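Q: My questions all concern the structure below.
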Amino acid sequence: MINVSTITKQSGSVLARLGKKWQFVFALTVGVVLALISWQAGVLDGSTNIFGGVSGSAVSVGGPGAAIAFGAAFIIGATMIVLPCGFPSVFAMPSILNSRRGLRQRTALSLTFLAASALPLAALGVGLSFGGDAILGLLDSMKAKMTFAVVLYSSLGILAIAYALSQLGVIHLPSLTAKLKNPDMPDQDRPYRRSLVLGSTMGAGLGIGCPMPTYYILLGWVAAAASPLYGAILLGVYGLGRVLPAVVIGALITSGMDRRKVSKNMTAFREKTDGLTNGFLTAMGSYLVVLFGGVLLYRVVTL
């Protein structure tokens, strides 16, 4: 006898998978269209724009382009709060804040945690900027610099698409966060040292090793900009964005909010926004692949 309920469930799951696939195709198409529009708008025209505008006013710390970049970096960091490389920081904060009762001491512990999380990423920004500057210094011809831009940005685009495909279950990517080990925690009677160690873990460990394509694109942007001050501020702001929401949520948990309810709500929010996140990554990936791996590569070949 045919089980109608089973057939209905199977049909529903097939339609759900088909829907995700069509969303993926739609996001790919959006990225391609935006890349073609950018090409026709002259985004890659001129020697200073081979990195998509990562030059001049875009990397001037006081310029309007930098202000937009810093804001975007903070938002990208804040979105990590619902991902595996950001989620643990929410439940690290109560263990830090509960070690002291006074508002002044808890504020000092929070600031220590924020600084310890952001500084390793700021140091990474300085290192990448010097590395990018050294590489660009070795590339004396315009063709070599264009080739570097092709390899850098098209690789980041492929990585973004690969990550989106892994979220759909089409391919499997290894998890870097699974290889990270918990550090030895100082005792509760050493709250500032505990805050420093946990903050450093979130910044130097889960922060630098976070396998999110949006984060890797920030790294590529910093390397191409080749400005140490700009790189330090950009990744430092990103680091603050990663943990500042955790400080706020951790303070709410400390004041009496149900920890299980917080975890449940954050998990539900992540599930609801999964499609939007994957769509954004897919569109961004196809944009980079088409614009740099297609248009700019063609210019390199035909020079």
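Q: Scan the stretch 54-91 residue by residue and report those that are part of a helix (DSSP H, G or I), of a type in the set (A, V, I, L, M) and modelled with pLDDT under 70. Lay out the reasoning, then the answer.
A: Just the residues of the stretch 54-91 that are part of a helix (DSSP H, G or I), to begin with: 56-59, 64-82, 88-91.
Next, from what is left, pick out any that are of a type in the set (A, V, I, L, M): 58-59, 66-69, 72-73, 75-76, 78, 80-82, 90.
Matches in the stretch 54-91: Ala58, Val59.
Q: Can you confirm whether Val237 is at pLDDT below 80, part of a helix (DSSP H, G or I) and closer than 22 Å to Ser195 by Cβ? Please lay out each step first, then the result.
A: Values: at pLDDT below 80: no; part of a helix (DSSP H, G or I): yes; closer than 22 Å to Ser195 by Cβ: yes.
Answer is no for this residue.
A quick yes/no check of all residues on (1) under 22 Å from the mean Cα position of the chain (by Cα); (2) of a type outside the set (A, V, I, L, M, F, W, C); (3) in a helix (DSSP H, G or I):
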site: Arg101; (1), (2), (3): no, yes, no
site: Ala108; (1), (2), (3): no, no, yes
site: Phe113; (1), (2), (3): yes, no, yes
site: Ala122; (1), (2), (3): yes, no, yes
site: Gly132; (1), (2), (3): yes, yes, yes
site: Ile135; (1), (2), (3): no, no, yes
site: Gly157; (1), (2), (3): yes, yes, yes
site: Ser166; (1), (2), (3): yes, yes, yes
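Q: Filter the stretch 82-111 down to the residues that are within 15 Å of Met202 (Cβ to Cβ) and of a type in the set (Val, Ile, Thr), then identify the one that is surrounded by the fewest Cβ atoms within 10 Å (Cβ to Cβ).
A: Filtering first and then ranking leaves Val82.
Q: Give the residue that is modelled with the lowest pLDDT, with candidates limited to residues of the stretch 26-42 that are surrounded by fewer than 16 Cβ atoms within 10 Å (Cβ to Cβ) and more than 12 Å from Thr282 (Cβ to Cβ).
A: So the first thing to find is which residues in the stretch 26-42 are surrounded by fewer than 16 Cβ atoms within 10 Å (Cβ to Cβ), and the list is 26, 29, 33, 36-37, 40-42.
If we keep only those that are more than 12 Å from Thr282 (Cβ to Cβ) too, we end up with 33, 36-37, 40-42.
Working: Val33: 94, Leu36: 92, Ile37: 91, Gln40: 86, Ala41: 80, Gly42: 76.
Looking at residues that are surrounded by fewer than 16 Cβ atoms within 10 Å (Cβ to Cβ) and more than 12 Å from Thr282 (Cβ to Cβ), I get Gly42.
Q: Cβ contacts < 8 Å: first residue farther than 14 Å from Arg299 by Cα, restricted to the stretch 131-150; second residue surrounded by 13 or more Cβ atoms within 10 Å (Cβ to Cβ) and among the aromatic types (Phe, Trp, Tyr), any location; separation 6+ or different chain. Result?
A: If the second residue must be surrounded by 13 or more Cβ atoms within 10 Å (Cβ to Cβ) and among the aromatic types (Phe, Trp, Tyr), the pairs left are Ile135/Phe148; Leu136/Phe148; Leu139/Phe148.
Q: Could you list, in sequence order, all residues of the stretch 152-203 that are more than 14 Å from Ser95 (Cα to Cα), surrounded by 13 or more Cβ atoms within 10 Å (Cβ to Cβ), aliphatic (A, V, I, L, M) and at pLDDT 75 or above?
A: The answer is Leu152, Leu156, Ile158, Leu159, Ala160, Ile161, Ala162, Ala164, Leu165, Leu168, Met202.
The values are calculated or read from the model by the stated rules, or taken from the named source; none is laboratory data. All values derive from a computational prediction rather than experimental measurement. Cβ: placed from backbone, ideal geometry, glycine included. Neighbour counts: every protein chain shown.
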